[in-house]
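Take a look at the structure set out below.
The values are calculated or read from the model by the stated rules, or taken from the named source; none is laboratory data. Bear in mind the structure is a predicted one, so any value in this text is a computation, not a measurement. Every residue, glycine among them, receives a Cβ derived from its backbone with ideal geometry; neighbour counts consider all protein chains shown.
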């Protein structure tokens, strides 16, 4: 039996390591060039989209205002309804200190969501729709905003009784022409990022579920810290025909649970 020399072992390890390092590079090489030329693009594809496969797709629309009046409350709408078979919708902002904003798991909902987010500076805002064939379809837009949205303290903290209003909700439903139900809901919560100068730790809604009155899951929104204070979310749901209500449940990272029952709409 031939004895292995140190050089043989070293070369073998180098070769193995070379193979290990080559795989991610090959995956990233297939990522399309970013039309917004962000230096974070490939890194975020690797981290948030599991290295693809990724295609740029105009059917995934991201709508933001041309003028941002409040960096802590930037309205965003994401519409991927023209894309069939969407199983997950991930929204992220390249140059936010916390890039991942939220994830929508559509369930019995359309691939659509509108909400408000915090922006720390001008940044690409993107939505990535995962279809049933395992491909991520990405739409992007540049948000021209001044700084500071993620590092501002929550306005609720100025009120001595802010803790008594956490979890209070306002909601309304509309019946759309195609039979879907449009749900718009606002939930009182400071949505602290943990980045403010007052050193308040992160305190935010992590998960929001909407169910039919029979318990069927309609949609789930996994929220991150960049979602704005008092999150306001609009979803397009398809509850069962006999459902008289929509049941919602939100959970925050401190273990708080907030439940609401919303009458289902008949007509506008």
task: Go through the residues of region 224-232 one by one and say whether even a single one is out of contact with any strand residue (DSSP E or B) (no Cβ under 7 Å at 6 or more places or on another chain) and closer than 24 Å to residue 127 by Cα.
output: yes
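Just checking, which of 203, 208 is surrounded by 23 or more Cβ atoms within 10 Å (Cβ to Cβ), in contact with a strand residue (DSSP E or B) (Cβ under 7 Å, 6 or more places away or on another chain) and either without any contact (Cβ under 8 Å) to a residue 60 or more places away in the chain or farther than 18 Å from residue 116 by Cβ (or both)?
Values: 203 fails: surrounded by 23 or more Cβ atoms within 10 Å (Cβ to Cβ).
After applying the criteria, what remains is 208.
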- line: residue 68 fails exactly one of (1) in contact (Cβ under 8 Å) with a residue 60 or more places away in the chain; (2) within 19 Å of the chain's Cα centre (by Cα), namely (2)
field: So residue 60, is it modelled with pLDDT of 95 or more, crowded, with 17+ Cβ neighbours inside 10 Å and under 14 Å from residue 136 (Cα atoms)
entry: yes
- prompt: Just to be sure, is residue 254 in contact with a strand residue (DSSP E or B) (Cβ under 8 Å, 6 or more places away or on another chain) and within 21 Å of residue 156 (Cα to Cα)?
  reply: yes
- request: Go through (1) at positive phi; (2) in contact with a strand residue (DSSP E or B) (Cβ under 8 Å, 6 or more places away or on another chain); (3) modelled with pLDDT of 95 or more one by one and return the number of the condition residue 52 breaks.
  value: (3)
query: Pairs, please: C-beta under 9 Å, at least 6 apart or cross-chain, first residue on the phi > 0 side of the Ramachandran plot and in region 173-186, second surrounded by 15 or more Cβ atoms within 10 Å (Cβ to Cβ) and assigned to a loop (DSSP other than H, G, I, E, B)?
result: 179/238
message: Taking the criterion of being more than 21 Å from residue 32 (Cβ to Cβ) and either in contact with a helix residue (DSSP H, G or I) (Cβ under 6 Å, 6 or more places away or on another chain) or surrounded by fewer than 17 Cβ atoms within 10 Å (Cβ to Cβ) (or both), would at least one residue in region 133-142 satisfy it?
response: no
- line: Across (1) more than 21 Å from residue 76 (Cα to Cα); (2) free of Cβ contacts under 8 Å to residues at least 60 places away in the same chain; (3) surrounded by 21 or more Cβ atoms within 10 Å (Cβ to Cβ), residue 248 clears everything bar (2)
query: Among the residues of region 160-172, how many are touching a residue at least 24 places away in the same chain (Cβ under 8 Å) and more than 23 Å from residue 245 (Cα to Cα)?
result: 1
